[in-house]
Each structure stands twice: as structure tokens, then as C-alpha cells.
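Throughout, read-outs are computed from the coordinates displayed, never taken from laboratory work. Owing to the predicted nature of the structure, the values given are computational and were not obtained by experimental measurement. Every residue, glycine as well, gets a Cβ built from its backbone with ideal geometry; the counts of neighbours run over all protein chains shown.
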Amino acid sequence: MIGFNVPHLTGNELKYIEEAVRQNVQLSGNGPFTKRCQQFFEQKYGFRKCLLTTSCTDALEMAALLCDIGPGDEVIVPSYTFVSSALAFVRQGARIVFADSRSDNPNLDVEKIEDLITPRTKVIVPVHYAGMACDMGRIRELARKHGLWVVEDAAQAIDSCYQGKPLGGFGHLAAFSFHETKNIISGEGGMLVVNDERFIRRAEILWEKGTNRAEFFRGEVNKYGWVDVGSSFLPSEMTAAFLWAQLEQLEDIQSKRKQLWDHYHRLLEPLAEAGFISLPAIPDYATNNAHMFYIVCKSLEERSALIRYLKENGVQAVFHYLSLHSSPYYVDKHDGRALPCCDHYADCLVRLPMYYDLTTGQVETVCSLIQGFYKKK
Ligand SMILES: *Cc1c(COP(=O)(O)O)cnc(C)c1O
């Protein structure tokens, strides 16, 4: 059986966890491994300030708090995304105005956003699907024109760029995930990126349960106490130690994944050219971080048949998001607009096995099965 995702271990995870435990400096959060991971991102990608969190969902919740979201506020989110992109804002009382996807890739269609902006709109949440950049130039232009915050959901977008600049560096705030299904993992884990200076002080306070503990440890205040709302958003040093073992191998992990992605693309191109399937369209301004390899079928029936066929032949391929605007929780709250491109991906997109330890031989097996499936039709 070729599984859909197998978490990759670099080999140093237990060693660093042991180090964290043995040194006995600090087992709770914001210790040496946490700082090392945060600095890695700040230095490599030029992010202004990074704070590890226990998940990307947590980082998005911090973003919703930082943007002071409350009842009556509207937040623009693509409907084709994971629940958390919307949920973090819904918890603060926001109404979600769902945006449709582009016709050539699942990212939100910037041409259709401006019509959704009202005097109540406070935030736009671009989600870089499969690690491929949204049109950040246009999104930032709209945000400036209408005075909106931009919160990038960069959960899948580690080490990927828009016009040569790393994703996660465009929004006032951005959120990454290290969930075991992502390129770089720590089991559960995430990170908030604060690019706008104005949010830094408050972000640290929200992160540490509403206290100014971080300022105290830097010696900026002589005692710390309860100064704001917040939560326990920071992970323990064991999680950060695991993450560090992964970050050390980032280049290797990325180059292996890209090799596999390119192999898929090369082998499936003839089927796409013959019009059977569509392959991911990477816009000129975007790079590919090989987070995911997906194909888009012609119909729900065809996709179900393909997934079944692959399963019968020992390959686990999976569909992805169900449209959030028609989810049981939100369908009654949605304004009723049809979002046809989003529904199309919900019905027709299939993700193929993609993980570090997959072999090129296995990629070939998957691709010949797909070719066989379409030959029979
Ligand atoms: C994985 C993912 C999340 C959630 O990440 P967690 O770390 O599991 O909270 C949010 N948004 C997108 C687009 C994701 O892919």
C-alpha cells in the first residue's frame, strides 16, 4: 500500500528532545529551542518577529485577537480552505464573507474580492493553497486602499515565494503550521509571524496568558502581571526541540519533495495535454514548495471512481476541502452567494501520495495506474 502521507523523521528529533530534558534548563515554553527556531525563521526569511504556537489554528486565533475582531466585523476568507482559517475569526464574533477560488487554481480570486468589501470589513485572509502564492501584490493594494489587515494563512506555505520574497512576509500577520501533514513537522505545532511593528508588544502578551512576562525576562520591567487577554499559546521546549531537528534539514526535505513533485508533473503532463485532467497551474509570480501534488478531474463521479480504482490497486489518494460556505455550521449564516469554482475543487480535486520517503518508483506506479484508469475510459 502506498499511503497518502507518512511523517518524515530526520533522525535528530529524540536527541534534541533528550537534550531539552537533560539540560533541565526549561521544559516549558520560550526556552532555548523555541528561541533557536524563531530566530531561524527571522534570519532566513526576514520575518520581523516569530512566535512558536501549539498549532496554526492558535496562531490564527492570536491574529484575530490582535486585529481586535468583534461582533459586527466582517472577514474575507476563501471557502476552499481548512476550517481554522475561518474559525479563528468566528470565535471572536466575526461574520465570514466567503470568497470564491480562481478558475485555474484553488486560491482566492482577487478579481472578485473588491465587491465583497464593505465598511465593516476588517481583515482579508489569503490562504496559499498547496504552498502556491496568492496574488499578494493585488491583495496588499486592496488592503491599503480600504484600510484592512492582511492575515496570511501560510499553513502550507513554508519556503515558498511571491515575486522572490518568502510567503509569510506579506501580511501584517501570518500563520504557519507544523502539523504532521505539512512539509516541516512537530506533531502539532505552528507559528505566528508578526510583520507589523505595531502588533509585536501585544502579540508577546497574548502569547504568555495575558502577562508581560516576556518583557520581565528581558529586564524591561521589574515585575510582571496580568495586563491583557490572552491564552497559553506557546508550545513546550520538547515540541520546539523536535521542530529544530526538522528545520536543520529543511533544504534536504524541500529538495527531495520538489524532485518527487517534478516527477509527478512530468509523468502526468501527457494526460493533461490530452484533456483528461488538469494539473496545478503555478502563476508566474509564485514558486512551488512541493507541499502537495494534486490533479483536478472532470466530475465528482469520475473523481470517486479514480480514488476507488487507486485504492483497489494499493494507492491511497484523497480529496480535500468541502466548501465551508455550505458546511453544516455555516450554511445558515452564509449570504447565499454561489461559489462555483470552490465547489468545483471540492468535487473534483484529488491529492496524490506526497512525502519525503516516497520513492520515484512509487510515483511511477501511481502515475501508471492513473494512465491505466483513463485508458479504460
Ligand atoms: C493545516 C492547516 C491549518 C491548520 O493547522 P494546524 O496546525 O493543524 O492548526 C490551517 N489552515 C490551512 C490552510 C492548513 O492547511
The aspartates and glutamates whose Cα lies under 13 Å from the Cα of Lys298, excluding any fewer than 8 residues away in the same chain, are Asp343, Asp347
Given Lys44/Lys165; Lys145/Lys333; Lys112/Lys145; Lys182/Lys209; Lys256/Lys311; Lys15/Lys35, which pairs have Cα atoms separated by over 21 Å?
Lys145/Lys333; Lys182/Lys209; Lys256/Lys311
Which distance in nm do the two modelled labels at Glu269 and Gln26 give, with both placed 7 Å along the Cα-to-Cβ direction?
5.0 nm
Specify which residue in the list Cys37, Gln26, Ala94 is farthest towards the positive end of the charge dipole of the chain, using unit charges on the beta carbon of Lys, Arg (+1) and Asp, Glu (-1), about the Cα centre.
Gln26
Whole-Hz ³J(HN,Hα) from phi, Karplus 6.51 cos²θ - 1.76 cosθ + 1.60, for the stretch 170-176, glycine and proline x
9, x, 4, 9, 8, 10, 10
Counting DSSP beta bridges with both partners in the stretch 13-247, what percentage is antiparallel, nearest 5?
50 percent
So, relative contact order of the chain in percent, Cα under 8 Å, 6 or more apart, is 22 percent
Share of Cα-Cα pairs in the chain lying beyond 31 Å, as whole percent
37 percent
Amide H to amide H, which residues 5 or more places from Val97 or on other chains are under 5 Å from it, using H placed in the peptide plane?
Val75, Ile76, Val77
Estimated [θ] at 222 nm from DSSP helical runs (n ≥ 4, -39500 (n - 2.57)) normalised by residues in the chain, nearest 500
-11500 deg cm²/dmol
Measure nothing but the geometry: give the 0 to 90° angle between the long axis through the Cα atoms of 360-376 and the longest principal axis through the Cα atoms of the chain, rounded to 10°.
50 degrees
